Amino acid sequence: MSELGVHAFGGTSPGKVRDHNEDTFTIDPEIGLYAVFDGMGGARAGDVASNTAKEIVHGYVREHQSTGDPRAILDGAMNAASTAVYELASSQHDRKGMGTTAVACLVRPAGDRKQATIAHVGDSRAYLVRGETI
């Protein structure tokens with residue numbers, strides 16, 4: 001089996017319908033975190049929701065990176081982000097109903113190789129590409 005190769009690139013665009021961008025991402029090879037947050041289109045403050053989730057997930061993974069199980073780390077990070085977005089949406093009238101989807105990948109050493117753990121919330125997706133096959 002070959003070594004897991006990670007090639008990360010990022011960019012966002014508001015597209016042709018929206019006047020502002022509600023998406024954000026984080027690429028942090030130092031801690032092995034790669035994540036995309038898609039603010040819910042049309043919902044109030046989708047950009048705030050996606051940025052809040054990004055900051056919480058990134059901080060949580062950085063803080064807990066040495067605790068071991070990548071699945072538990074991502075689970076905790078996603079739950080912390082969900083709670084933060086919910087509390088923010090509940091506490092400010094102009095942000096009521098805001099939300100974001102999320103896809104995060106945490107790459108960790110696993111013996112003599114690397115292992116990727118994926119977590120997602122909502123309808124955003126991650127794809128595994130092997131050679132010419134998706």
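The table that follows gives values for the structure above.
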| quantity | calculated |
| --- | --- |
| Region 116-126 - residue that is open to solvent by 30 Å² or more (accessible area, probe 1.4 Å) and among the hydrophobic types (A, V, I, L, M, F, W, C) and, of those, farthest from F25 (Cα to Cα) | A116 |
| Any chance A8 is modelled with pLDDT of 85 or more and either crowded, with 17+ Cβ neighbours inside 10 Å or under 16 Å from the mean Cα position of the chain (by Cα) (or both) | no |
| Any hit, region 88-98, residues being more than 17 Å from T24 (Cα to Cα) and of a type in the set (A, V, I, L, M) | yes |
| Subset of region 95-112 [in contact (Cβ under 8 Å) with a residue 40 or more places away in the chain and under 17 Å from R71 (Cβ atoms)] | A102, V103, A104, C105, L106, V107, R108 |
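Here's the yes/no breakdown for (1) modelled with pLDDT of 95 or more; (2) open to solvent by 40 Å² or more (accessible area, probe 1.4 Å); (3) not in a helix (DSSP H, G or I):
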{"site": "D38", "(1), (2), (3)": "no, yes, yes"}
{"site": "Y60", "(1), (2), (3)": "yes, yes, no"}
{"site": "I73", "(1), (2), (3)": "yes, no, no"}
{"site": "N79", "(1), (2), (3)": "yes, yes, no"}
{"site": "M98", "(1), (2), (3)": "no, no, yes"}
{"site": "A102", "(1), (2), (3)": "yes, no, yes"}
{"site": "K114", "(1), (2), (3)": "no, yes, yes"}
{"site": "L128", "(1), (2), (3)": "no, yes, yes"}
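The values are calculated or read from the model by the stated rules, or taken from the named source; none is laboratory data. What you see is a predicted model; the values in this text were computed from it and never measured. Backbone-built Cβ (ideal geometry, glycine too); neighbour counts: all protein chains shown. Accessible surface is based on the protein model in full, side chains and every heavy atom, while ligands, DNA and RNA are left aside. Shrake-Rupley method; radii C 1.70, N 1.55, O 1.52, S 1.80 Å.
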